[in-house]
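The values are calculated or read from the model by the stated rules, or taken from the named source; none is laboratory data. Please read all numbers here as calculations on a predicted model, not as lab measurements. Positions of Cβ are backbone-derived with ideal geometry, glycine not excepted, and every protein chain shown enters the neighbour counts.
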Amino acid sequence: MSPTLLAEIYVFALAVFVGFEVISKVPVVLHTPLMSGTNAIHGIVMLGGVLVLATADSSLLAALGFLAVVFGAMNLFGGFVVTDRMLEMFKKKPHVKR
Amino acid sequence: MESTGALSTLFHLSYLVSAILFIVGLKFLSSPAKARRGNQLAALGMTVAGITTLASLWAPGAQLHNHGLILIAIAIGAVLGTWGARRVRMTDMPQMVAWLNGCGGVAAALISTAEFLQASARGHTPDATTVASTMFGTIIGSISFTGSLVAFGKLQGIISERAITSTFQKILNGVLFVAILALVSAIALGGGAPPFYALLGVSLVFGVLMVIPIGGADMPVVISLLNSFTGLAVAATGFVLANNALIISGTLVGASGTLLTMLMCKAMNRPLTNVLFAGVGGGAPATGGGGPGAAAAKPIRDIGVEDAAVLLSNVQSVIIVPGYGMAVAQAQHAARELADMLAKRGVAVKYAIHPVAGRMPGHMNVLLAEANVPYDQLFDLEQINADFEHNDVALVVGANDVVNPAARHDKQSPIYGMPILDVDRSRHIIIIKRSLKPGFAGIDNELYYDPKTMMLFGDAKAVLSKLVEEMKRAA
């Protein structure tokens, strides 16, 4: 096993635990925004598409990479905007009290 | 990617910065006060990662191409994504998340396919890591893609919300599963591109068949599960491309998404396997086709808007129980108006939010927040259930399964064991509903036939507005 792969497996294993720990105490109110927020974070897949497109040496590979970037970018940008719109509503607004 | 030493270190450190921003962002996202900042931090982390990757393309000596195409593709996706996300209505958020998740899934599948083809085309057999990761990314990414599309279709009403199950479909699922295993073995033994294409195709079909038999009520859980799938598929592409930023982000989402899925199942008191395979919501509706007259067999009590207005304004306490019907009718503003009206008359108003009311956990909170309902009037199931006993009127607006007492005592009921709001313990119950049609679970609700229950038939928004008018007139 190459040292690079070994390091990647370390990163993977630790990220699993961080992922579990970091959201273990989330109120139900925030479940939808949290789902949407994590959805935006996997939009990073766009960068994977960029790397494919940058190294593509045939038009088929370039087409696959291009599509991956378009879909990934939709996921990324759409995800963050949607989450922000949801959370914008959670800020406490001054309410007229009796 | 092979940049010179110092630059390469800089790139790795930037990825580390973005990973830290993601983690802090996620942490903040689980606290109401900091959630918005959390999302912004995650977006900042994404910006850092994006700039780093683009910089690596233009780095001196990076023998890479298609720079123009990359920028064009990013621009197209960014414009489409941002435009759609700005335009979508709050009530349609669940579909939107499903669609965006599908986008991520298909991107991961495309990347995995491209990398496998590229590795194979270079003449030598791809190494084990590449083969394993590309297969994993393709299978999981494809399932997430078509599964999300079906979930989108079900929520949007394009595909039947009912759980579509048949013996044929179960057998087909089994066959496809075996086919995936066979293709995986063929590819691992060096089968090359043809079985890989077949794997892509079979996985896409499998995603459809996995979600089709699941009822509309369970879509939130499905979307959450597919969200974590996409995360894992993205992590797999990280292994293929030897990119730590992708591995960390994908894994974070995979792990937190799995946890979130389990939390949602817990809220419904059903194991995940039951959600995925039981086909809840497939049965024929217990009452006829719906409509106020359809359930003539069992006696129900009708109430008019005028009488309801009088009753509501002459009590001490009202608990509003919103459900998906309120979301569809866009009635959250009308509900708040009514609550304000009642508050002016000295009626204590609270909202009872069931964890799975609406189509996503927290969906109701989002909608009510949109209508400026103050936080301190919203109560969780555990916080409010004891209050129903001393409550005068429970006003159920388009909620159904989450207030069905059958969940407490009817062992035959598909929702048996699900924690419900004990609405039936209030002195009076008013249910605003379009018809007696059953909810997503496809079962009749005995609450409608409770002697304390009064049915107020009509569109939630129209009825609530009329109630408000009626009260204004009486004032």
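Among the conditions (1) modelled with pLDDT under 95; (2) touching a helix residue (DSSP H, G or I) at 6+ places or on another chain (Cβ under 6 Å); (3) more than 9 Å from chain A (Cβ to nearest Cβ); (4) within 22 Å of B:PHE239 (Cβ to Cβ), the only one that B:HIS12 does not satisfy is (2). Here is a check on your reading of the model: is B:GLY137 crowded, with 24+ Cβ neighbours inside 10 Å, touching a residue at least 12 places away in the same chain (Cβ under 8 Å), closer than 30 Å to B:LEU276 by Cα and of a type outside the set (D, E, K, R)? So B:GLY137 passes the test. Please state which one of A:LEU51, A:LEU34 is without any contact (Cβ under 8 Å) to a residue 40 or more places away in the chain, more than 25 Å from B:LEU260 (Cα to Cα), assigned to a helix (DSSP H, G or I) and within 7 Å of chain B (Cβ to nearest Cβ). Unique residue meeting the criteria: A:LEU51. The test for being under 24 Å from the mean Cα position of the chain (by Cα), of a type outside the set (Ser, Thr, Tyr) and at pLDDT 85 or above holds for B:LYS433. For the condition more than 7 Å from chain A (Cβ to nearest Cβ) and touching a helix residue (DSSP H, G or I) at 6+ places or on another chain (Cβ under 7 Å), B:ALA242 does not qualify.
Table: residues versus (1) farther than 16 Å from B:ASP422 by Cβ; (2) under 24 Å from the mean Cα position of the chain (by Cα).
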residue	(1), (2)
B:HIS333	yes, yes
B:LEU342	yes, no
B:GLY362	yes, yes
B:LEU367	yes, yes
B:GLN377	yes, no
B:ILE384	no, no
B:ASN391	no, no
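Is at least one residue of region B:80-92 within 7 Å of chain A (Cβ to nearest Cβ) and closer than 21 Å to B:LEU232 by Cα? So far as region B:80-92 goes, no, none of its residues is within 7 Å of chain A (Cβ to nearest Cβ) and closer than 21 Å to B:LEU232 by Cα.
Restricting attention to region B:303-321, does a residue exist that is modelled with pLDDT under 80 and either under 27 Å from B:ALA163 (Cβ atoms) or surrounded by fewer than 16 Cβ atoms within 10 Å (Cβ to Cβ) (or both)? First the steps, then the outcome.
Filtering region B:303-321 for residues modelled with pLDDT under 80 gives none.
No, region B:303-321 contains no residue that is modelled with pLDDT under 80 and either under 27 Å from B:ALA163 (Cβ atoms) or surrounded by fewer than 16 Cβ atoms within 10 Å (Cβ to Cβ) (or both).
Against the definition (at pLDDT below 85 and more than 10 Å from every other protein chain (Cβ to nearest Cβ)), how does B:VAL221 come out, yes or no? Judged against the criteria, B:VAL221 is not a match.
From the list B:GLY190, B:GLY215, pick out the single residue that is more than 12 Å from chain A (Cβ to nearest Cβ), buried (at least 20 other Cβ atoms within 10 Å of the Cβ) and touching a residue at least 60 places away in the same chain (Cβ under 8 Å).
Numbers: B:GLY190 fails: buried (at least 20 other Cβ atoms within 10 Å of the Cβ).
Of B:GLY190, B:GLY215, the one residue that is more than 12 Å from chain A (Cβ to nearest Cβ), buried (at least 20 other Cβ atoms within 10 Å of the Cβ) and touching a residue at least 60 places away in the same chain (Cβ under 8 Å) is B:GLY215.
Filtering A:VAL18, A:VAL69, A:VAL28 for residues that are of a type in the set (A, V, I, L, M), touching a Gly at 6+ places or on another chain (Cβ under 7 Å), surrounded by fewer than 24 Cβ atoms within 10 Å (Cβ to Cβ) and at the interface with another protein chain (Cβ under 7 Å from one of its Cβ atoms) leaves a single hit, A:VAL28. Regarding B:SER228, is this residue in a helix (DSSP H, G or I), among the hydroxyl-bearing types (Ser, Thr, Tyr) and without any contact (Cβ under 8 Å) to a residue 40 or more places away in the chain? Yes; evaluated as a whole, the condition is true for this residue. The set of residues in region A:1-15 that are aliphatic (A, V, I, L, M) and either buried (at least 24 other Cβ atoms within 10 Å of the Cβ) or at the interface with chain B (Cβ under 7 Å from one of its Cβ atoms) (or both) comprises A:LEU5, A:VAL11, A:ALA15.
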